[in-house]
Amino acid sequence: MQREVTTNSLARCAGLEEANEDIPDTDRYRALILELYHLQSAPKEHQDSVFCEIAASYLPQLVNKYRISEGPVNIAMTFLNNVTNTPYFVRFSRLPEAQGLVDLQARRIIEAPDNGENFNYDELGAACQFLLTLIVYEGGRDFTDQDRQLLIHKANSWHDLFRGTGLHIEESCDLLVKYLEHDERTIMITKLIKRAQDSKLLQCGFPGCEQLQEKDGPIFKQCPRCKSTVYCNDDHQAQAWAGHKHLCFEPVF
Ligand SMILES: [Zn+2]
Ligand SMILES: [Zn+2]
């Protein structure tokens, strides 16, 4: 029978819920990857629910853990990379305690070995993907020319390692390089993604309703529990609840 992956089981893997055992990070990391692998075969609704609950419950802790971690890939990064799509992450990424992550991830990628030593393709792809997501959420970033060149060099080196394999890493590295080289189409795509993410906090949460909270318009009602979803009217809030309740968690931030 398929083992059910829950928020608690994932949090235990990551050491977010201490179980009084001293487990080396490498073992934790392996367990986490296995849990995430099992979670992928669960229904999409369950995955979304787990990632929303993790984001709501652990984002400040995860970001702190990320800051004191090392290397382009680590437990905290893997976790964060899986919850960037939730409205909780979008909201948290704007808070002061979430700033400076772009520079950290960029530095870790720059300092990682060109030959990808000790990391597999999934991990290197995730490292690049996470950096690009952070840049997009920040609304774009101009690196110093030197850092930009170093990042391009690294992403190209990693891309070359897996060229022609059709693996996801090819796409992640390629997108990052194109963004850094100011490729117009890629910049446009990142702007669209940014807008879609921002609208998660501004668009009425009733499926199918496209009303947006305008700057000078009537104030939308915020879900009092998650503070991460808004509604254009009470009716839409009430009707959306059956679906929303699986994604609605009280954030610790
Ligand atoms: Zn609505
Ligand atoms: Zn809610």
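Here are the numbers for this structure:
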{"read-out": "Most mobile of ASN233, ASN82, ASN156 in a GNM of the chain (Cα contacts under 10 Å)", "value": "ASN233"}
{"read-out": "Note, ³J(HN,Hα) from phi for region 6-11, Karplus 6.51, -1.76, 1.60, rounded to Hz, x at Gly and Pro", "value": "10, 4, 5, 5, 5, 4"}
{"read-out": "Cα→Cβ-extended label distance, 7 Å offset, between LEU202 and ASP27, nm", "value": "4.9 nm"}
{"read-out": "Phi-based couplings in Hz for region 55-67 (Karplus 6.51, -1.76, 1.60; Gly and Pro marked x)", "value": "4, 5, 8, 10, 3, x, 5, 5, 5, 4, 4, 4, 4"}
{"read-out": "Region 59-167: radius of gyration over Cα atoms, expressed as a fraction of 2.2 N^0.38 Å", "value": "1.05"}
{"read-out": "Restraint check, LYS178/LYS245; LYS65/LYS245; LYS194/LYS227; LYS44/LYS154, Cα-Cα greater than 27 Å", "value": "LYS178/LYS245; LYS65/LYS245; LYS44/LYS154"}
{"read-out": "Listed residues ILE23, ILE152, ILE33, most fluctuating in the chain (Gaussian network, C-alpha, under 10 Å)", "value": "ILE23"}
{"read-out": "Surface/4 estimate of mean projected area, convex hull on alpha-carbon atoms of region 136-236, nm²", "value": "9.5 nm²"}
{"read-out": "Amide proton proximity set for THR229, modelled H, under 5 Å, gap of 5+", "value": "CYS223"}
{"read-out": "Equivalent ellipsoid semi-axes, region 22-70, via Cα gyration tensor eigenvalues times 5, rooted, Å", "value": "22, 17, 7"}
{"read-out": "Residues THR186, THR229 arranged by fewest to most Cβ contacts within 10 Å", "value": "THR186, THR229"}
{"read-out": "When the convex hull of its Cα atoms is projected in every direction, mean area for region 132-175 (nm²)", "value": "3.2 nm²"}
{"read-out": "Nearest 10 degrees, 0 to 90: helix 25-39 Cα axis against the chain principal axis", "value": "50 degrees"}
{"read-out": "Check: the chain dipole with +1 on Lys, Arg Cβ and -1 on Asp, Glu Cβ, in debye", "value": "600 debye"}
{"read-out": "Simple label model, 7 Å out from Cα along Cβ direction - ASP48 to ARG185, nm", "value": "3.0 nm"}
{"read-out": "Derived scalar couplings ³J(HN,Hα) [region 227-237; Karplus, 6.51 cos²θ - 1.76 cosθ + 1.60; whole Hz; x for Gly, Pro]", "value": "6, 10, 9, 10, 9, 6, 7, 4, 4, 5, 5"}
{"read-out": "Taking the C-alpha atoms of the chain, convex hull volume expressed per residue in Å³", "value": "154 Å³"}
{"read-out": "Most mobile of LEU150, LEU134, LEU62 in a GNM of the chain (Cα contacts under 10 Å)", "value": "LEU150"}
{"read-out": "Charge dipole (region 146-231, unit charges on Cβ, about Cα centre) - positive-most of GLY208, MET188, LEU175", "value": "GLY208"}
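Any read-out appearing in this document is the output of simple, stated calculations on the displayed coordinates, not a laboratory observation. As the structure is a prediction and not an experimental result, all values here were calculated from the model. Note: ideal-geometry Cβ built from the backbone for every residue, glycine included; neighbour counts use all protein chains shown.
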